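The values are calculated or read from the model by the stated rules, or taken from the named source; none is laboratory data. Because the structure is predicted, anything quoted here is derived from the model rather than measured. Note: ideal-geometry Cβ built from the backbone for every residue, glycine included; neighbour counts use all protein chains shown. For accessibility, only protein heavy atoms count, side chains too; no ligands or nucleic acids. Shrake-Rupley method; radii C 1.70, N 1.55, O 1.52, S 1.80 Å.
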Amino acid sequence: MAASVLGSTCGPLRLGVTGLCLRRPPRGLWARARRLPGLAGSGRSVAAASGSGASGTDRYCMELLRKRDYEGYLCSLLLPADSRSSAFALRAFNVELAQVKDSVSEKTIGLMRMEFWRKTVDDIYSDNPPQQPVAIELWKAVKRHNLTKRWLMKIIDEREKNLDDKPYRNIQELENYAENTQSSLLYLTLEILGVKDLHADHAASHIGKAQGIVTCLRATPYHGSRRRVFLPMEICMLHGVSQEDFLRQNQAKNVRDVIYDIASQAHLHLKHARSFHKSVPVKAFPAFLQTVALEDYLKKIQQVDFDIFHPSLQQKNTLLPLSLYVQSWRKRY
């Protein structure tokens with residue numbers, strides 16, 4: 001197995017859903033999980049999940065999420081009913097920002113789009129949202145839960161800085177990006193759930209960082225196909241790996257060592273987040289369901305000895321909806 005400096009401090013990766021088979025779920029759990037909206041992946045599922053009284057803007061956000069952030073869509077479905085539409089709006093807002101970078105040919109256009117969303121947030125807090133589906137739903141969420149404007153602005157600011165096609169200098173820079181985007185998203189989700197707790201915030205910070213790191217790893221083959229590499233340069237240099245090695249999909253041991261280092265850091269953040277488990281209010285647990293998908297990816301990449309280009313890593317986990325449902329039922333993260 002690939003070894004590294006970070007690996008020695010983080011310890012070996014010990015992945016898997018702890019205690020998954022300790023007790024048998026109640027009769028009918030599996031059948032109910034199969035009926036979870038979104039498993040069929042159809043527009044009809046979206047309509048069913050939103051309910052008969054759902055607005056067109058609400059359905060727009062759900063459909064956007066289902067297509068662009070399927071894992072986030074599934075996690076949102078398992079939130080309490082009175083929080084679900086707000087969570088869809090929040091994650092749809094994040095999707096809108098995230099797809100700016102890959103949808104524009106010039107940075108100037110990207111900056112203009114970011115400025116649109118910055119003004120949109122200002123208008124939302126002035127009770128004057130633009131007639132755009134995500135903006136309207138986000139305004140409803142802000143009004144309903146009194147969401148903190150600062151977290152929304154942090155997501156925009158960080159996404160804007162990330163428009164430059166530059167790799168992260170070190171793992172700390174990647175973690176800072178993840179904190180300001182993914183962790184901010186979780187802080188807002190906690191507000192939607194009505195959770196105000198320091199331990200929950202600490203857990204959210206670490207889970208957000210793990211999410212950002214895993215997202216960077218998962219996107220590496222896609223970015224490589226467009227001749228871009230964003231992995232932390234410091235770790236690459238430590239193992240004598242160049243950007244060209246990733247562009248050529250080099251599978252040498254030192255390339256896998258780079259991936260091991262980065263994956264170990266994500267695993268360490270998950271471990272830290274779970275160290276708060278007994279102190280975090282149970283009410284906050286639904287916000288952290290994404291740990292299921294994160295751990296699934298880290299387990300898979302360990303199984304292929306940290307070969308970031310292995311085909312199995314690009315396959316959708318068809319059991320993810322069921323795993324999320326079980327984790328939700330067990331009230332764990």
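Given (1) of a type outside the set (D, E, K, R); (2) under 23 Å from Tyr70 (Cβ atoms); (3) open to solvent by 40 Å² or more (accessible area, probe 1.4 Å), where does Asn254 come up short, assuming only one miss?
(2)
Among the residues of segment 283-292, are any open to solvent by 30 Å² or more (accessible area, probe 1.4 Å) and either closer than 22 Å to Leu188 by Cα or outside any loop (DSSP other than H, G, I, E, B) (or both)?
Yes, that holds for at least one residue.
To keep it simple, each residue is scored yes or no on (1) surrounded by fewer than 21 Cβ atoms within 10 Å (Cβ to Cβ); (2) assigned to a helix (DSSP H, G or I).
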residue: Leu111; (1), (2): yes, yes
residue: Glu115; (1), (2): yes, yes
residue: Arg118; (1), (2): yes, yes
residue: Ser126; (1), (2): yes, no
residue: Ile136; (1), (2): yes, yes
residue: Lys154; (1), (2): yes, yes
residue: Glu160; (1), (2): yes, yes
residue: Asn176; (1), (2): yes, yes
residue: Ala200; (1), (2): no, yes
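Name the residues in segment 230-258 that are in a helix (DSSP H, G or I) and β-branched (Val, Ile, Thr), would you?
Hits for segment 230-258 are Ile235, Val255, Val258.
Is it the case, given these coordinates, that Arg91 is open to solvent by 10 Å² or more (accessible area, probe 1.4 Å), of a type outside the set (A, V, I, L, M), within 20 Å of Gln290 (Cα to Cα) and outside any loop (DSSP other than H, G, I, E, B)? Steps first, answer last, please.
Details: open to solvent by 10 Å² or more (accessible area, probe 1.4 Å): yes; of a type outside the set (A, V, I, L, M): yes; within 20 Å of Gln290 (Cα to Cα): yes; outside any loop (DSSP other than H, G, I, E, B): yes.
Taking the combined requirement at face value, the residue satisfies it.
Taking the criterion of being among the aromatic types (Phe, Trp, Tyr) and free of Cβ contacts under 8 Å to residues at least 60 places away in the same chain, would at least one residue in segment 158-174 satisfy it?
No, every residue in segment 158-174 fails to be among the aromatic types (Phe, Trp, Tyr) and free of Cβ contacts under 8 Å to residues at least 60 places away in the same chain.
Under 7 Å between Cβ atoms, which residue pairs at least 6 apart in sequence (or on different chains) link something in segment 60-78 that is closer than 15 Å to Pro321 by Cα and among the small types (Gly, Ala, Ser) with a partner that is modelled with pLDDT of 95 or more and assigned to a helix (DSSP H, G or I)?
The qualifying pairs are Gly72/Leu65; Gly72/Arg91; Ser76/Leu65; Ser76/Arg84; Ser76/Ala87; Ser76/Phe88; Ser76/Arg91.
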